[in-house]
1. What fraction, in whole percent, of alpha-carbon pairs in segment 103-220 exceed 26 Å separation?
2. Please give the contour-minus-distance gain from residue 58 to residue 187: 0.36 nm per residue of separation, less the Cα-Cα distance, rounded to one decimal in nm.
3. So, counting K/R as plus one and D/E as minus one, what does the shell of residues with Cβ under 12 Å around residue 171 add up to?
4. Quick one: grab the alpha carbon gyration tensor of segment 1-71, order the square roots of its eigenvalues as a ≥ b ≥ c, and give me rounded if a/c is under 1.5, else prolate or oblate depending on whether a/b is larger than b/c.
5. Rounded to the nearest 5, what % of DSSP beta bridges with both residues in the chain are antiparallel?
6. Over all Cα pairs of the chain, how is the pair count split among 5 Å bins, expressed in % and running from 0 up to the last occupied bin?
7. Over the alpha-carbon set of segment 1-123, work out the extent along each principal axis and list the three values in angstrom, largest first.
8. Report the gain in length on full extension from residue 211 to residue 151: 0.36 nm times residue separation, minus Cα-Cα distance, nm rounded to one decimal.
Amino acid sequence: MSNLIKISPSILSADFSKLGDEVIALEKAGADYIHIDVMDGHFVPNLTIGPEVIKKLRPLTKKTFDVHLMISPVDNFIKDFSKAGADIITFHPEATPDISNTIDLIKKEGKKVGISLKPKSKLELIEKYIDRVDLILIMSVEPGFGGQKFMPEVLDKTKKVKEIIDKKELKIDIEIDGGINFENCSSAKKAGANVIVSGSTIFRENQGDLKKNIGILRTN
Ligand code: DX5
Ligand code: ZN
């Protein structure tokens, strides 16, 4: 994984009645990844989609499925999401009794491993596993819903992650997720994020002009 900016639109803000068309449209509009938010009504106070839906979307695009699991306990579902077609499987450290084992389970499936920190979760929680992951997802809102306000206080943590991975000369994606808009995306990039997740901005700004919105997020 590299330092080039990648845009990962969150389909949480898509029209769920035509999810397939929305994913195809995102690919055409220049998305790098497709960010898929999986919520269980327990780890977070909202419910979304499961492996069956991802399986149906899988044949529609070759784009990387960036699957953000907000489910607990997470281990029992890793195989299902892998089989459904996830490429990156991201979990929250609080959602497993054994972080190391969860990383192993994802690797055993041949998938890329992502680990995510909620706004109040400390970097120390994951620090000793950094060498074994492909992506670190910094949440810039409390997980659970799209359309919330960006929390600038997570930028310090983003900078620290960037410092650590540079020092160790690791090739790890730093992804930022939540409340990203045309203004704050540059501060996220400056802090070290190279994968930008966005739901509401991509689907709602400029009358939902996906291509334009992805382009602005990429260059701003
Ligand atoms: C929140 C999700 C985010 C969310 C982003 O729990 O992880 O991916 O959909 O949506 P916006 O860009 O609207 O904050
Ligand atoms: Zn997400």
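1. Working: 1484 of 6903 pairs.
That tail contains 21 percent of the Cα-Cα pairs.
2. Numbers: separation 129, 0.36 × 129 = 46.44 nm, distance 3.28 nm.
Contour length minus Cα-Cα distance gives 43.2 nm.
3. Working: positive: 112, 168; negative: 131, 134, 166, 169, 173.
That works out to -3.
4. Working: a/c = 1.96, a/b = 1.32, b/c = 1.48.
Since a/c reaches 1.5 but b/c is at least a/b, the shape of segment 1-71 is classed as oblate.
5. Details: 1 of 31 bridges.
Close to 5 percent.
6. Taking every Cα pair in the chain, the percentages come to 1, 7, 17, 21, 22, 18, 10, 3, 0, 0.
7. 39, 33, 29
8. Values: separation 60, 0.36 × 60 = 21.60 nm, distance 2.58 nm.
Difference between extended and current length: 19.0 nm.
The values are calculated or read from the model by the stated rules, or taken from the named source; none is laboratory data. The model shown is predicted, which means the values in this text are computed figures rather than measured ones. Counting neighbours? That spans all protein chains shown, and the Cβs are built from the backbone with ideal geometry, glycine included. The area values use the complete protein model at the heavy-atom level, side chains included, leaving out ligands, DNA and RNA. Shrake-Rupley method; radii C 1.70, N 1.55, O 1.52, S 1.80 Å.
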